[in-house]
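What follows is a set of notes on a single structure, which appears directly below.
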Amino acid sequence: MKILLVAEYRDGKLLGTNSELINFATQGGGENCMFLVGSNSTLPNYTGKLYLADAGQAGEFNPSLHKQLLLNVIEKEQPQMVVLAHSSYGWDLAPRLALALKAAQISEVVEVKDGNLVVPSCNAKLRRQVKSTTDIAVVTLQGGAFTPAEEPSGAPEVIKVEVAAAGGDIQFAGYEEAEAGGVDLSKAEIIVSAGRGIGKPENLEVIENLAKALKGEYGASRPVVDAEWVDPSRQVGTTGQTVTPKLYVACGISGAIQHLAGMKKSEFVLAINTDKDAPIGEIADVLAVADLKQLVPILTEKLNAM
Amino acid sequence: MKILVCIKQVPDMESKFKVNAAGNWYDDTDLAWRMNEYDEYAVEQAVQLKQQVGEADLTVLCIGSDRVRETMKKALAMGCDRGAHIADDESYLKDSYAIASLIVSYAKDRGFDLIFTGMQSQDRGSGQVGVLVAEMLGIPSLTTLVEFNYADGTVTAKRELEGGIKAKVSCATPALVTCQLGLNTPRYPTLPNIMKAKKKELISTPAAELNPEASLLEVLQVAPPEKKGGGLVLEGDPADLADQLIKILKEKTTALA
């Protein structure tokens, strides 16, 4: 099988997901090549053909143009699979490409099983093994599912992709950086995080109290931040902070993929959840099946009495 | 202005999921159903746009069995003017491509200026349908929006990227936008609006009449993830649990040192 990898570049830098794409292709064996809208001065470590369009001409975000450039490469290389990261760039571009190719798209692949691709469903409580019925398939990979043991090496053979006319139906006016200030959870050694299971903002206090008793910081999952119960700077997950504390206590957090991606490298994870089957249990060292509103205050009291 | 918002009814994600007898999706008995969370933001944004422009007609579309009409009534109570139910008892067997083709079949000659969808569904999470609809209709689409503004035929918005960064984007209408969590604060329908919603138009059209395209994806198996052994599971009285947890934290971590 021949695979075309679509690498990512943002704000003048290559993204870390590129090594996951390469690892996926390497694991599958067969031939692969790469496409990138980026810069000749920042090339990925990769052994193989790299079709490179200049971001200065093609724009970092211009999906209709990037799609067209990719279609030209696909016509030349005739891959059976086009692989992107399941990221804000990848999930935006993949369906555009899939429709142009009338190809099946397989989103957020977590695993290859018996030669078929496996995708998560229902907050990772189920997995679907799926197969494309088309000659070419467009695939996106879940972040972290194919992280290689070692970073790839090598220098690509660069083939320049000409960008005739910029154009496009979407105007991109640059980036807005995350708001500065707030709490830097990435340096915290102990984090107690609140999830949707806290139920109402008044219950945040029990989480804060446990964090105090453990001399740590408190964080939160996305729903709690979206509900404006907690400052966005305390959000842990893909769109918030990535944390690596010695102890991470997940209270009432079911364990959506986006949250797990931000905290799964914690040294020790204690989860408190009423749902024994919650996906957080997959990565927790200990899962206490309990209502946090009962357990957390008792735990805090006992810790304070020590 | 004509506005369309596409929604999906999904089970509450806290549910216990069992694989159905055919082994191709979850068993739909004993589940609590609700509006896909991302779509609540889409409905809210559509209603806000209608209020902003004044003269607008807002249609909510949903595909599924008669059960989904309940969820559509919530959208009507939130402020949509009419409902287009595409009746399909087997919509769960269709992939994103087939679902998008159904929506396009409904939308193509109706001249919608703006189409709103959630960025993905909570149960399947493919994140494809919105973009596919736009591509099939040949209109621009902006995805993963956390900020939306409309003025004089132009959508100006912010896309959410990774790590808290946003991209500033814009496009001309007609256009489609997909909504990310946190885009706005979805309203709760008030009792008077729930009563009013009961009188609003909610027409069912059988999916077959809209000639959907066949799916491009084949589902081979659906199963719960294999338990990777993983961690210790503790159950019992909260006071006992607290003692056990303190013991474990002392032994396995330096947190209490």
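The values are calculated or read from the model by the stated rules, or taken from the named source; none is laboratory data. Here the structure is a predicted model, which is why all the values come from computation and not from measurement. In this analysis, Cβ positions are derived from the backbone assuming ideal geometry, glycine residues included, and neighbour counts consider all displayed protein chains. The area values use the complete protein model at the heavy-atom level, side chains included, leaving out ligands, DNA and RNA. Shrake-Rupley method; radii C 1.70, N 1.55, O 1.52, S 1.80 Å.
Just how large is the dipole of chain A about the Cα centre, in debye to the nearest 20, putting +1 at every Lys and Arg Cβ and -1 at every Asp and Glu Cβ?
620
Determine the calculated [θ] at 222 nm for chain A from helices alone, applying -39500 (n - 2.57) to every DSSP H run no shorter than 4 residues and normalising by the residue count; nearest 500 deg cm²/dmol.
Result for chain A: -7500 deg cm²/dmol, rounded to the nearest 500.
I need the phi-derived Karplus couplings for the range A:230-243: 6.51 cos²θ - 1.76 cosθ + 1.60, θ = phi - 60°, integer Hz, Gly and Pro marked x.
Computed from phi, the couplings for the range A:230-243 are 9, 4, x, 5, 9, 6, 9, x, 3, 8, x, 9, 9, 10 Hz.
Restricting to the protein assembly as shown, compute how many DSSP beta bridges are antiparallel as a %, nearest 5.
Restricted to the protein assembly as shown, the bridges split so that about 30 percent are antiparallel.
Under 1.5 on a/c is rounded, so check that first for the protein assembly as shown, then, if it is not, pick prolate when a/b is larger than b/c and oblate when it is not; a ≥ b ≥ c are the square roots of the alpha carbon gyration tensor eigenvalues.
Oblate.
Nearest-5 percent of antiparallel DSSP beta bridges in the range A:75-207?
45
Of all trypsin sites (Lys or Arg not before Pro) in the range B:70-131, which ones are in loop regions per DSSP and have a Cβ with at most 11 other Cβ atoms within 10 Å?
B:Arg110
Can you tell me the orientation of helix B:37-53 relative to chain B, as the angle in degrees between its alpha-carbon axis and the longest Cα principal axis, to the nearest 10?
In chain B, helix B:37-53 runs at an angle near 30 degrees to the longest axis.
What do you reckon, how do A:Val130, B:Val146 stack up by accessible area (1.4 Å probe), largest on top?
B:Val146, A:Val130
DSSP loop trypsin sites (Lys or Arg not before Pro) in the range A:60-103 with at most 12 other Cβ atoms within 10 Å of their Cβ, which ones?
Taking the range A:60-103 and a limit of 12 other Cβ atoms within 10 Å, the loop trypsin sites (Lys or Arg not before Pro) found are A:Lys102.
Working from Cα positions, state the angle (0 to 90°, nearest 10) between the long axis of helix A:90-101 and the longest principal axis of chain A.
Helix A:90-101 sits at roughly 40 degrees to that axis.
Please get the size of the charge dipole for the range A:1-56, origin at its Cα centre, with Cβ charges of +1 on Lys and Arg and -1 on Asp and Glu, quoted in debye to the nearest 20.
80
Only Cα pairs under 8 Å and at least 6 apart count here; give the relative contact order of chain B as a rounded whole percent.
24
Need one number: % antiparallel among DSSP beta bridges in the range A:2-160, to the nearest 5.
The antiparallel fraction comes to roughly 30 percent.
Let me confirm one metric for peptide B:59-71, namely the mean number of other chain beta-carbon atoms within 10 Å of its residues' beta-carbons.
Counting other chains' Cβ atoms within 10 Å and averaging over B:59-71 gives 0.
With n ≥ 4 as the cut-off for DSSP H runs, can you work out [θ] at 222 nm for chain B, using -39500 (n - 2.57) per run divided by the number of residues, rounded to the nearest 500?
Here the helix-only value at 222 nm equals -8500 deg cm²/dmol.
Name the residue from B:Ala134, A:Thr274, A:Val249 whose Cα lies farthest towards the positive end of the charge dipole of the protein assembly as shown, charges +1 on Cβ of Lys and Arg and -1 on Cβ of Asp and Glu.
So the residue we want is A:Thr274.
HN-Hα J couplings of the range B:88-105 from phi, Karplus 6.51/-1.76/1.60, θ = phi - 60°, integer Hz, Gly and Pro as x?
So the Karplus estimates, Gly and Pro as x, are 7, 6, 10, 4, 5, 8, 8, 8, 4, 5, 5, 5, 4, 5, 5, 4, 5, 4 Hz.
Taking a probe of 1.4 angstrom, what is the accessible area of A:Arg196 in Å², to the nearest 10?
Rounded to the nearest 10, that gives 110 Å².
For the range A:83-109 and the range B:1-68, what is the centre-to-centre distance using only Cα atoms, to the nearest Å?
23
In whole Hz and in residue order, list the ³J(HN,Hα) couplings for the range B:249-255 that follow from phi through the Karplus curve 6.51 cos²θ - 1.76 cosθ + 1.60, θ = phi - 60°; x for Gly and Pro.
Result, rounded to whole Hz: 4, 5, 6, 9, 9, 9, 4.
How much of A:Leu204 can a 1.4 Å solvent probe reach, expressed as accessible area in Å² and rounded to 10?
Number for this one is 10 Å².
Which residues' amide hydrogens lie under 5 Å from the amide hydrogen of B:Leu202, considering only partners 5 or more residues apart or on another chain, with H built in the peptide plane?
B:Gly83
Is the range B:2-210 rounded, prolate or oblate when judged by the Cα gyration tensor, a ≥ b ≥ c being the square roots of its eigenvalues, rounded requiring a/c under 1.5 and prolate requiring a/b larger than b/c?
Here the range B:2-210 falls in the rounded category.
Just to be sure I follow the definition: excluding the sites themselves, where is the longest run in chain B that has none of the GluC sites (Glu not before Pro) in a DSSP loop with at most 14 other Cβ atoms within 10 Å?
B:91-225
Keeping every protein chain in place, order B:Met136, A:Met34 by accessible area at 1.4 Å, biggest value first, i.e. largest first.
So the residues, ranked largest to smallest area, are B:Met136, A:Met34.
Could you tell me the total accessible area buried at the A-B interface, probe 1.4 Å, in square angstrom to the nearest hundred?
Accessible area lost upon association: around 7100 Å².
Hey, what did chain A get for relative contact order, percent, Cα under 8 Å, at least 6 apart?
15
In whole angstrom, note down how far apart the Cα centers of the range B:168-187 and the range A:228-287 are.
Each part reduced to its Cα centre gives a spacing of 28 Å.
Express in whole angstrom the spacing between the alpha-carbon centres of the range B:136-160 and the range A:1-55.
29
Could you work out the mean count of beta carbons from other protein chains within 10 Å of each residue's beta carbon in B:212-220?
5
Evaluate peptide B:193-202: per residue, the Cβ atoms of other protein chains within 10 Å of its Cβ; return the mean as an integer.
Average per residue, whole number: 0.
Check which residues have an amide H placed less than 5 Å from A:Ile106's amide H, if you skip close sequence neighbours.
So A:Ile106 has HN proximity to A:Val138, A:Val139, A:Thr140.
Ignoring the sites themselves, what is the longest stretch of chain A with no GluC sites (Glu not before Pro) in a DSSP loop and at most 11 other beta-carbon atoms within 10 Å?
A:1-149
What is the set of long-range amide H partners of B:Leu234 at a cut-off below 5 Å, with H atoms built 1.01 Å from backbone N?
Under 5 Å from the amide H of B:Leu234: A:Leu287, A:Ala288, A:Val289.
For the range A:185-304, just say rounded, prolate or oblate: build the C-alpha gyration tensor, square-root its eigenvalues into a ≥ b ≥ c, call rounded for a/c under 1.5, and beyond that prolate if a/b exceeds b/c, oblate if not.
rounded
Can you tell me the 0 to 90 degree angle between the C-alpha axis of helix A:63-77 and the longest principal axis of chain A, rounded to 10?
60
With a cap of 11 neighbouring Cβ atoms within 10 Å, and only residues DSSP puts in a loop, list the trypsin sites (Lys or Arg not before Pro) found in the range B:199-257.
Sparse-neighbourhood loop trypsin sites (Lys or Arg not before Pro): B:Lys199, B:Lys227, B:Lys228.
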